[in-house]
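One structure, pasted below without further comment.
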C-alpha cells in the first residue's frame, strides 16, 4: 500500500510476477479461519476478496492500451482514467482503515493548478484550473459547479464504502471522521476566506450530522475548524496557522 522497503524498479518487477499478495499468506489465512467464528470467517473472506478485486483492477490498469495525455506522466500500474484511479485510492484507504493498517489518510485529488479535464462529469471539456477562473460569468460558474459536483460524488463513493463496512458495534463510517473541503472560498480571486468544508461520519458518537453551520463572513479561518477537529480526538493545540480560536456549536 505504501511502497515501503523497495525501489520503484523493484515494485514494478513484483507487479510483473502476476501473483497476488495473498498467495504468500495462504497458510496463515487458513489457520486464522480455523480459529474464527462463522461471522469472523465471513469478514475475513470479504476482506481478502476485496484485496483480490483491487489487484485485478490494477492488473487491468497495467495492461491498458490507452495512452495518457502528452503533458501528464502516469506511472506503471496507475489507471489511465481519473475516475478509476480515485476509486482505487479510496478503496485502498477503506481497506487500510478496516485492517487498522493506518488510522489517518489524506488524498489530494484535485490539485489547484492542474489543467485536467473530467470526461465523466457534466462539463467534460473544462480544465479544472482554467474553469476556476470563471470571471464571474454565470455560464462558466455553472461549468465549475459541475466539476465540483463530480468531485463530491467521488467522496460519496468513499462514504458509501465506509458505511457498508462493519466495524465492531457499528460501521467504519460510525467510527470515522472524513473532512472534505477546499483552500479557496472564491477561486476566481484566490480568496481564502469563507471556505466551505464538509464533515462526514459519526466519530464514535462525537459528531452530530445533518447540519449546516454558517459563521460570520471573513472572520473565521479554516484553522479554527482544524483545531476543533483535533479537539474531537483529544489532541489539543493552542493554534494552527492563522487560527483565532475554536468553532462554536461544532
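The values are calculated or read from the model by the stated rules, or taken from the named source; none is laboratory data. Worth saying up front: this structure is predicted, and the values here are computed from it rather than measured. Cβ: placed from backbone, ideal geometry, glycine included. Neighbour counts: every protein chain shown.
Give the residues of the range 177-202 that are under 18 Å from residue 97 (Cα atoms) and either in contact with a helix residue (DSSP H, G or I) (Cβ under 6 Å, 6 or more places away or on another chain) or assigned to a helix (DSSP H, G or I) (or both), sorted by residue number. Walk me through how you get there before you give the answer.
Let us first name the residues in the range 177-202 that are under 18 Å from residue 97 (Cα atoms), namely 177-180, 199-202.
Within the range 177-202, 180, 200 meet the criteria.
Using the structure shown, decide if residue 220 is more than 30 Å from residue 115 (Cβ to Cβ), buried (at least 17 other Cβ atoms within 10 Å of the Cβ) and within 23 Å of the chain's Cα centre (by Cα). Walk me through how you get there before you give the answer.
Numbers: more than 30 Å from residue 115 (Cβ to Cβ): yes; buried (at least 17 other Cβ atoms within 10 Å of the Cβ): yes; within 23 Å of the chain's Cα centre (by Cα): no.
Spelling it out, it is not the case that residue 220 is more than 30 Å from residue 115 (Cβ to Cβ), buried (at least 17 other Cβ atoms within 10 Å of the Cβ) and within 23 Å of the chain's Cα centre (by Cα).
With (1) at pLDDT below 95; (2) buried (at least 16 other Cβ atoms within 10 Å of the Cβ); (3) part of a loop (DSSP other than H, G, I, E, B) as the list, and residue 174 as the residue in question, which single condition is left unmet?
(1)
I'd like to check something: does the range 127-147 contain any residue that is outside any helix (DSSP H, G or I) and either out of contact with any helix residue (DSSP H, G or I) (no Cβ under 7 Å at 6 or more places or on another chain) or touching a residue at least 60 places away in the same chain (Cβ under 8 Å) (or both)?
yes
Only one residue in 220, 229, 198 is out of contact with any strand residue (DSSP E or B) (no Cβ under 6 Å at 6 or more places or on another chain) and under 25 Å from residue 133 (Cα atoms), so which one is that?
The match here is 220.
Looking only at the range 210-226, decide whether some residue is without any contact (Cβ under 8 Å) to a residue 60 or more places away in the chain and closer than 30 Å to residue 44 by Cβ.
Of the range 210-226, the ones without any contact (Cβ under 8 Å) to a residue 60 or more places away in the chain are 210-226.
Going one step further and asking which of them are closer than 30 Å to residue 44 by Cβ, we end up with none.
No, the conditions are met nowhere in the range 210-226.
So for the range 157-169 (the condition being modelled with pLDDT of 95 or more, closer than 30 Å to residue 135 by Cβ, surrounded by 12 or more Cβ atoms within 10 Å (Cβ to Cβ) and touching a helix residue (DSSP H, G or I) at 6+ places or on another chain (Cβ under 9 Å)), does at least one residue qualify?
no
Mind checking which residues of the range 99-118 are over 13 Å from the mean Cα position of the chain (by Cα), farther than 12 Å from residue 130 by Cβ and touching a residue at least 40 places away in the same chain (Cβ under 8 Å)?
Residues satisfying the conditions are 99, 101.
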